[in-house]
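I have placed the structure first, in the form of structure tokens, so that the comments after it can refer back to it.
Just so you know, all these numbers are worked out from the coordinates, no wet-lab data involved. None of these values were measured; they are calculated from a predicted model. Methodologically, a virtual Cβ is constructed for each residue, glycine included, from the backbone with ideal geometry; neighbour enumeration extends over all protein chains shown.
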Amino acid sequence: MSGDELLIWGLALLALSIILLVVEVFVPSGGIITVVSAICAIAGIGMLWRYETTWGIIGLLAVLVLGPMALAWGFKMLPNTPVGRAILGGRTDEELEAVRDAERDTLMRRKALVGLEGIALADMRPVGEVEIEIGSETESFEALAEHDWIEAGERIVVTSASGLELKVRRA
């Protein structure tokens, strides 16, 4: 093998070893791809060393720096992959979508309370529990008095809903 071929093959094997480390994150192989990656890295460093000592040192330093960086990136990405969620017990995409839908429904339900009237169940100084009439039913919520303290039993009206926070004032 000529000198230039050693250089090209050495660099190609080093690049392949880094690519294989990244692939290991997405493809469950039980570590086989990692072993092949290590063999490619060792072979690449050997070829670079045979080409020239300086290239061998550069290749060794590249593997010592880029290898752990690729591994750290892989561990960071693992929980976001389907394989990683299966291994780590994370939520599936469908479960995450169901949680987002439930949160959106709760937010819309809270916003629909604006303008409705109810009764303060406890003294609101400034936070307390209120009972709001929703159609023919009543439901209890924790709310924040907007301006004044509101005594238990007083009528209230919902003025705003932001996230889980309801703001009320005297009706």
List the residues, sorted by chain then number, that are 5 or more residues from ASP123 or on another chain and whose placed amide H is less than 5 Å from its amide H. ALA152
In Hz, Karplus ³J(HN,Hα) per residue of the stretch 23-39 (6.51, -1.76, 1.60; θ = phi - 60°; x = Gly, Pro): 5, 4, 5, 9, 10, x, 10, x, x, 4, 5, 5, 5, 4, 4, 5, 5
Residue-normalised 222 nm signal for the chain, counting each DSSP H run of n ≥ 4 as -39,500 (n - 2.57), nearest 500 deg cm²/dmol, is -19000 deg cm²/dmol
Going by C-beta contacts inside 10 Å, put VAL168, VAL99 in order with the fewest on the left. VAL99, VAL168
Rounded Å value of the spacing that divides the Cα centres of the stretch 73-91 and the stretch 1-71: 25 Å
Of the DSSP beta bridges with both residues in the chain, give the percent that are antiparallel, rounding to the nearest 5. 90 percent
Per-residue ³J(HN,Hα) for the stretch 56-72, Karplus 6.51 cos²θ - 1.76 cosθ + 1.60, θ = phi - 60°, Hz, x for Gly and Pro: x, 5, 4, x, 4, 5, 4, 5, 5, 9, 6, x, x, 5, 5, 5, 5
Sort VAL130, VAL65 so that the residue with the fewest other Cβ atoms within 10 Å of its own Cβ comes first and the one with the most comes last. VAL65, VAL130
Hey, fewest Cβ within 10 Å first, where do ILE134, ILE45, ILE33 land in order? ILE134, ILE33, ILE45
